[in-house]
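Novice: I have a structure here, written as structure tokens, and I will follow up with some questions on it.
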Amino acid sequence: MSSESSAAKWISTFLASRAPGTSGGPAASDPGLMRASDADRERVVTVLTDAVIDGRLTPLEHEERVERVWAARTLGELAELTVDLLPPESQPFRMDSRPVTAFFRTETRGGRWVVPSQIPVTSLGGTVSMDLCEALLQSRHVVVQLAVMAGTVNLTVPEGVRIVTAPDARVRSFRNEVRLPPGATGHAPDAPVIELAGFVFGGKVVARSPKRPRRRLFGR
């Protein structure tokens, strides 16, 4: 196969990966149905408190919404309480299961967000940065479906997370810098798995753990 036809095939696959419903896996379950934790509720209460302080909510509205916060069972019920107070990127948590796409720009996804069991990541000359350290995983096995041409994908994951490459993946440049937890000699049997599938052509994927806090030699 000539280099021209090979490049055309890559581009065709790349564009096809952006089409809705072509992720190649089963439909993701509704992230709004996931059970909320007390930490999630506290995040929402913080937003509501800020809103009543600056006048976006009346004291009565604040009281009513806080009552609904502690009665909420799912993330979807909590999300309804702040949707009119903050833009999507500033919400206490994000339930955006759309593909992550970067065309000659930088796209970032992090904070408290729900990660579907399969997430398409497309980059054409851009940089995608995904931080899973505070994320909620819908599955202990997450497949990152890559379609990368001359782009970079940065993954930040907690220590101990396993990063594997699918047998049929074409990831030519991958650097795994994910650490094991202190004192661990191997991955835990139930450690979450991030599987890289798809292709990376003329780009790279870097997976790493966040920096550990520095220890103070002196001081309290």
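The values are calculated or read from the model by the stated rules, or taken from the named source; none is laboratory data. As the structure is a prediction and not an experimental result, all values here were calculated from the model. Every residue, glycine among them, receives a Cβ derived from its backbone with ideal geometry; neighbour counts consider all protein chains shown. Accessible surface is based on the protein model in full, side chains and every heavy atom, while ligands, DNA and RNA are left aside. Shrake-Rupley method; radii C 1.70, N 1.55, O 1.52, S 1.80 Å.
Novice: First obtain the Kirkwood hydrodynamic radius of segment 137-220 from its Cα pairs, then insert it into the Stokes-Einstein equation at 10 °C and 1.306 mPa s, and state the resulting D in µm² per second as a whole number.
Specialist: 112
Novice: Can I ask one more? Report the GluC sites (Glu not before Pro) located in segment 52-111 that are in a DSSP loop and have at most 10 other Cβ atoms inside 10 Å of their Cβ, or state none.
Specialist: Here no loop site has a sparse enough neighbourhood.
Novice: Calculate what fraction, in whole %, of the accessible area of segment 112-220 sits on carbon and sulfur atoms when a 1.4 Å probe is rolled over the protein chains.
Specialist: 50
Novice: While we're on this one: Between beta-carbons, use under 14 Å as the cut-off and find the net charge around Ala150, counting Lys and Arg +1, Asp and Glu -1.
Specialist: Neighbourhood net charge equals +3.
Novice: State in Å² the accessible area per residue of segment 149-212; use a 1.4 Å probe, count heavy atoms of protein chains only, and round to the nearest integer.
Specialist: 53
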